[in-house]
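Undergrad: The structure's right below; bear with me while I get my questions together.
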Amino acid sequence: KTTANTPVLDGTTLAPVAMSEIDTAQPVYVWTAQAMTMSIPPQTAAQILIVNVPQDASAPMYVVAQQVETKEDGSIVIMDQDGVTWRADAGTEVMPYLTRNIVTLEDIHEGTRLVVSQESDTSSSGSPEAGEADAYAAKLLVFAE
């Protein structure tokens, strides 16, 4: 179930997309709430929808920062709710959701809701960009608290 407040984002730019612009013939990535009704069929609320993901790309991920560690070089490592670590640095594009407020890596802390985009397979574990983290965050969309 979605509401008028459910964020719908473009899988490439992370820009908001109107519900009326969703191409129903294309895949839609949905993150849902953990709570579910006992009805048949079960129902749950959508937290975020991501559309327009190119076939040869991985979909951006919706995460909640469980731990944020600042490194000596100014980069940060974010551990999400699944234990996956994401490295972000000065090369990471950090943008706010539906506001003109400026957000930076310093605004990310425990509990911050984010959409993380890798953008390429070269930013996965073992790559220079990812360093000791599981993946490199090329783009971060930060939701207001």
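Undergrad: Restricting to region 13-26, count the residues that are part of a loop (DSSP other than H, G, I, E, B) and touching a strand residue (DSSP E or B) at 6+ places or on another chain (Cβ under 8 Å). Show your work before the answer.
TA: In the first step, residues of region 13-26 are kept if they are part of a loop (DSSP other than H, G, I, E, B); the result is 13-15, 17-18, 22-26.
Still in the running and touching a strand residue (DSSP E or B) at 6+ places or on another chain (Cβ under 8 Å): 14-15, 17-18, 22-23, 26.
Of the residues in region 13-26, 7 are part of a loop (DSSP other than H, G, I, E, B) and touching a strand residue (DSSP E or B) at 6+ places or on another chain (Cβ under 8 Å).
Undergrad: Across region 123-145, what is the number of residues that are modelled with pLDDT under 85, of a type outside the set (Ser, Thr, Tyr) and either over 12 Å from Thr85 (Cβ atoms) or open to solvent by 10 Å² or more (accessible area, probe 1.4 Å) (or both)? Quick ask: steps written out before the conclusion?
TA: Going through region 123-145, the residues modelled with pLDDT under 85 turn out to be 123-133, 145.
So of that shortlist, the ones also of a type outside the set (Ser, Thr, Tyr) come out as 126, 128-133, 145.
If we keep only those that are either over 12 Å from Thr85 (Cβ atoms) or open to solvent by 10 Å² or more (accessible area, probe 1.4 Å) (or both) as well, we get 126, 128-129, 131-132, 145.
The qualifying residues number 6.
Undergrad: Among the residues of region 25-76, what is the count of those that are over 21 Å from Leu14 (Cβ atoms) and among the β-branched types (Val, Ile, Thr)?
TA: Residues that pass the stated criteria total 4.
Undergrad: Now, a different point. Would a scan of region 82-95 turn up a residue that is open to solvent by 80 Å² or more (accessible area, probe 1.4 Å) and in a loop (DSSP other than H, G, I, E, B)?
TA: yes
Undergrad: Sort out which residues of region 9-32 are without any contact (Cβ under 8 Å) to a residue 40 or more places away in the chain and closer than 19 Å to Leu141 by Cβ, and write them in order of number.
TA: Residues of region 9-32 without any contact (Cβ under 8 Å) to a residue 40 or more places away in the chain: 13, 15, 17-32.
Within region 9-32, Thr13, Ala15, Val17, Ala18, Met19, Glu21, Ile22, Val28, Tyr29, Val30, Trp31, Thr32 meet the criteria.
Undergrad: When region 1-24 is examined, which residues are found to be open to solvent by less than 80 Å² (accessible area, probe 1.4 Å) and farther than 23 Å from Pro96 by Cβ?
TA: Residue satisfying the conditions is Asp23 alone.
Undergrad: Within region 55-81, count every residue that is in contact with a Gly (Cβ under 9 Å, 6 or more places away or on another chain) and part of a strand (DSSP E or B).
TA: 2
Undergrad: If you go through region 78-114, how many residues are among the small types (Gly, Ala, Ser) and either in contact with a Cys (Cβ under 8 Å, 6 or more places away or on another chain) or under 19 Å from Leu14 (Cα atoms) (or both)? Lay out the reasoning, then the answer.
TA: To start, the set of residues in region 78-114 that are among the small types (Gly, Ala, Ser) comprises 83, 88, 90-91, 111.
Checking which are either in contact with a Cys (Cβ under 8 Å, 6 or more places away or on another chain) or under 19 Å from Leu14 (Cα atoms) (or both) leaves us with 88, 90-91.
Adding up the residues that qualify gives 3.
Undergrad: Please determine, by comparing only the residues of region 96-122 that are among the charged types (D, E, K, R) and part of a loop (DSSP other than H, G, I, E, B), which one is surrounded by the fewest Cβ atoms within 10 Å (Cβ to Cβ). Even if it seems obvious, please write down each step before you answer.
TA: Let us first name the residues in region 96-122 that are among the charged types (D, E, K, R), namely 100, 106-107, 110, 113, 119, 121.
Remaining after also requiring part of a loop (DSSP other than H, G, I, E, B): 100, 110, 119.
On the way: Arg100: 5, Glu110: 11, Glu119: 16.
Ranking the qualifying residues of region 96-122, first place goes to Arg100.
The values are calculated or read from the model by the stated rules, or taken from the named source; none is laboratory data. Bear in mind the structure is a predicted one, so any value in this text is a computation, not a measurement. As a convention, Cβ positions derive from the backbone with ideal geometry for all residues, glycine included, and neighbour counts pool all protein chains shown. Heavy atoms of the whole protein, side chains included, go into the accessibility calculation; ligands, DNA and RNA do not. Shrake-Rupley method; radii C 1.70, N 1.55, O 1.52, S 1.80 Å.
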